[in-house]
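This report concerns only the one structure given below.
The values are calculated or read from the model by the stated rules, or taken from the named source; none is laboratory data. What you see is a predicted model; the values in this text were computed from it and never measured. Please note: Cβ atoms are built from the backbone with ideal geometry, for glycine as well, and neighbour counts cover all protein chains shown. Surface areas here come from the heavy atoms of the whole protein model, side chains and all, with no ligands, DNA or RNA. Shrake-Rupley method; radii C 1.70, N 1.55, O 1.52, S 1.80 Å.
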There are 2 protein chains.
Amino acid sequence: MKRNRISIKDISKALGLSNTTISFILNGKAEEMRISAQVAEKVLAYVKEVGYTPNYLARGLVTGKTNTIGFIVESIGNPFFSQIASLIEEQAYNSGYKIIYSSTNGKQEKALELIRMFRDRGVDGYIICPTDGLAEEIKQLREENRSIVLFDRYLPSVVAHYIGIDNERAMYEACKHLADGGKKNIAMVTTDSEQTQMISRLAGYQRLLKETGLQSHVLQVPYDDIKQRLQPDFESFIKNNPTIDAICFATNYLAIGSLEIMRNLHISIPDQISVVAFDDNEVLRLFQPGITAVEQPLEEMAKLIIDRLLLDLKLGKVTEKTVHKELPARLIIRASSL
Amino acid sequence: MKRNRISIKDISKALGLSNTTISFILNGKAEEMRISAQVAEKVLAYVKEVGYTPNYLARGLVTGKTNTIGFIVESIGNPFFSQIASLIEEQAYNSGYKIIYSSTNGKQEKALELIRMFRDRGVDGYIICPTDGLAEEIKQLREENRSIVLFDRYLPSVVAHYIGIDNERAMYEACKHLADGGKKNIAMVTTDSEQTQMISRLAGYQRLLKETGLQSHVLQVPYDDIKQRLQPDFESFIKNNPTIDAICFATNYLAIGSLEIMRNLHISIPDQISVVAFDDNEVLRLFQPGITAVEQPLEEMAKLIIDRLLLDLKLGKVTEKTVHKELPARLIIRASSL
DNA sequence: CTGAAAGCGCTTACAG
DNA sequence: CTGAAAGCGCTTACAG
């Protein structure tokens, strides 16, 4: 097919040297192999002249390395993920690594396929925002000595690096901010997902209730069918819990969807109901009134993820001791919770 | 290194067959090669049992195909790009192709590096949202017989497939909508970029002025320094052009940034100034008042891009006749322009 | 200082 | 119906 590309062989032939010599020079091992500076220079000049670039497929086949990292997110269309993806891409790029993203859309099946495709493609490391049911596959990756960092949520049964935030505390503080403001009936709108970050956020809410003795009002929208169910479920939740004077949303899409519904119902924020959302973004900032939100330290997370992965990659093997890091989040207070 | 993976050789040895036979069966050529059904079944069963998956690197090395498409966007953090990326990913996935994204952030240098890295990685096709200065590189890709689709903007000097929208007409209609509403001093806020889509949008604005005899008010924010310059430039533009009663924004980030500034200046929309934005998104929809916006047909664009690329890939060579498709956009009218 | 040769895991003419 | 063998473009012991 496209066999017009120049190869090491072509170079060695043209210059009357061996493939070995060319390869060493190309890989910066000229000095180490004590190749004369003249030869090295000549080769480099020629390489530049003819515009040779190595075939990474061939290189990967023999070295087992591709300088590529697979990044599995829930949905690249979600600003939280596209922002962190953007940051991770940049960090990785600066270290000579490329990122391949893909979205699971929360589906275990798709996630499994993606992991397998990344493995087949020979990625060096994995950054995974796991769906449910991924435990076995990830355990196996670890057994095969592959570098993995879990992100946003983890799998309790799997020993692996994890970088995220302290969700329990973040939600506790968000709710406490509402209670401190005199709210008496604080509701929590979340999903029925069993993902760790969701469990922790709910736990933060419950801790506040326990401490303050306030009553619980929880709406769990079915994770698999949020688009369809949010509106009817949220509307009847509001109707059936008329005492609610504040709501904490466990995700940004729940918040944004509900804010639109509240607007249509002419519920005044914060006069009738105060609101706090999870994951800050432009919509929440520009909403009228501005929406108080828990902000995750994206830049720091991106850095920790990449550093950890590159370290493992450099060590060349999976470390026994895994990192489980929960960064503090920050509550950005805006008019919606005053 | 990680040489624990099973290979075709292992299978052929275990089953007492040749690599050839295994390879044919694995590639669905069993019937074509008239391999007995029993043998084929036995091989498939064994493959499944031991969990063999082919090494795509090796396969790619010999076939020259990787079933991967490189997608170069301006910024994956921009909702316009993350949305279309999401759609393209899905379409490609359904056809057995994987997408590798990366962002140029508008930098020619980064774009060149990305194209080269994609080439080195052996992607089968390229979807490129080009920056300036990419003409030579893309011409060369075409000469090397690689499949390319340009998207969002094109390069006038390069013959290549292009899928986008009719920007001139879209902006013309957006402005006409304002003029029809009785606006007398319609401003255009754009960048100084020479990218085709920006030129066309400006041209649409100018056509309306010409038709109606209205006066021109154009602000061009420096593309390379929008973050720093938007606020001061926009504020003095408003101050120096007090007659303005409507503004068309040429991009979503210009619109969103300016809306925030207008809010801080207590400019009432649409009472004092009507507003139309380009590229719809959640922020514009939920802004108070809702912002009228030009919506691009993302789904249709994604489909056209992938279909075109796959067709070229199937034909196995670059078609002489290139497609240059400009889809119609749709104006979504909201309160900001009433 | 440099080269000949094996091998990474596949595919595919060619031969029977 | 099936196999032996060459080759894709690299890297890397090994030898001198």
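Here are some notes:
- Residue A:190, sole failed condition from (1) open to solvent by 60 Å² or more (accessible area, probe 1.4 Å); (2) farther than 15 Å from residue A:245 by Cβ; (3) not in a helix (DSSP H, G or I): (1)
- Any hit, region B:80-100, residues being within 16 Å of DNA strand D (Cβ to nearest atom) and open to solvent by 30 Å² or more (accessible area, probe 1.4 Å): no
- Condition broken by residue A:256, with the remaining ones in (1) open to solvent by less than 30 Å² (accessible area, probe 1.4 Å); (2) within 13 Å of chain B (Cβ to nearest Cβ); (3) under 17 Å from residue A:185 (Cα atoms) satisfied: (3)
- Unmet requirement for residue A:78, which otherwise passes all of (1) assigned by TED's automatic domain parsing to the domain that holds residue A:152; (2) at pLDDT 90 or above: (2)
- Residues of region B:117-137 that turn out to be closer than 23 Å to residue A:94 by Cβ and facing chain A (nearest Cβ under 10 Å), as a count: 5
- Criterion violated by residue A:11 - all others in (1) more than 38 Å from the chain's Cα centre (by Cα); (2) open to solvent by less than 60 Å² (accessible area, probe 1.4 Å); (3) away from DNA strand D (no atom under 11 Å from the Cβ); (4) not polar (S, T, N, Q) satisfied: (3)
- Region A:23-51 - residue that is hydrophobic (A, V, I, L, M, F, W, C) and closer than 26 Å to residue B:140 by Cα and, of those, most open to solvent (accessible area, probe 1.4 Å): A:44
- Residues that are assigned to a helix (DSSP H, G or I) and among the small types (Gly, Ala, Ser) were ranked within region A:31-45; the one that is farthest from the other protein chains (Cβ to nearest Cβ) is A:37.
- Exclusive hit being modelled with pLDDT of 95 or more and more than 26 Å from residue B:265 (Cβ to Cβ), set B:176, B:239: B:176
- Sole residue being within 28 Å of residue B:61 (Cα to Cα) and in a loop (DSSP other than H, G, I, E, B), chosen from A:48, A:65: A:65
- Residue A:80 being in contact with a strand residue (DSSP E or B) (Cβ under 8 Å, 6 or more places away or on another chain) and touching a residue at least 12 places away in the same chain (Cβ under 8 Å): no
- When residues of region B:108-153 are limited to those that are of a type in the set (Lys, Arg) and outside any loop (DSSP other than H, G, I, E, B), the one nearest to residue A:7 (Cα to Cα): B:119
- So residue B:312, is it more than 30 Å from residue A:78 (Cβ to Cβ) and in a helix (DSSP H, G or I): yes
- Test: residue B:69 is within 15 Å of DNA strand C (Cβ to nearest atom) and either within 39 Å of the chain's Cα centre (by Cα) or in the same structural domain as residue B:254 (by TED's automatic domain parsing) (or both): no
- Among the candidates A:207, A:142, residue that is among the basic types (Lys, Arg) and touching a strand residue (DSSP E or B) at 6+ places or on another chain (Cβ under 8 Å): A:142
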